[in-house]
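The values are calculated or read from the model by the stated rules, or taken from the named source; none is laboratory data. All values derive from a computational prediction rather than experimental measurement. Virtual Cβ from ideal backbone geometry, glycine too; neighbours counted across all protein chains shown. The area values use the complete protein model at the heavy-atom level, side chains included, leaving out ligands, DNA and RNA. Shrake-Rupley method; radii C 1.70, N 1.55, O 1.52, S 1.80 Å.
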Amino acid sequence: MASPGKINGTALFVRMDSADIGFSTSCSITITQETLNTTDASTGNWNSRIPGRRDWEISCDALVAMGGAGTTGGMKFYQIFSSYMAYQQVLQLQFRTSVSGDKYFTGNAIVSELSIDAPMEETATFTVSFAAAGPLSLATLP
């Protein structure tokens with residue numbers, strides 16, 4: 001288990017629509033904010049900026065778990081693929097650990113990219129990206 005204040009990447013997983021879809025081999029969240037230029041004569045021609053629109057996305061690489069109730073051994077590829085194929089526009093997504101008291105990110109998202117890689121004689125892996133469909137919030141696990 002990671003020490004307090006630190007997160008081990010293998011402890012991160014994605015929870016989609018109230019169901020754990022699995023642990024990842026790597027997982028990242030990118031949070032961005034546009035800046036709007038507000039330069040005028042009072043700034044002496046120096047750029048001045050204010051915050052603009054915000055965006056976020058989550059990307060995961062995982063071992064393929066083709067089904068089953070548990071999340072051990074990978075992510076549930078078919079569950080993610082089914083959401084993608086159904087044009088499911090909004091998924092409740094959580095980027096978190098399973099440790100009580102830890103902070104986690106949560107928000108609505110859509111599957112924006114999905115790929116699977118299955119080299120001969122090697123474990124199948126896949127990559128999935130989720131794009132924001134609304135704000136990102138910070139919460140605490142009970």
Low-density loop cleavage sites - GluC sites (Glu not before Pro) in the range 79-137, where at most 15 other Cβ are within 10 Å (DSSP): E121, E122
Within the accessible area of the range 76-115 (1.4 Å probe), percent carbon and sulfur: 52
Nitroxide proxy distance, nm - points 7 Å out along Cα→Cβ at K103 and Y84: 3.2
Ordering of 93-100, 81-88 by packing [mean C-beta count within 10 Å, highest first]: 93-100, 81-88
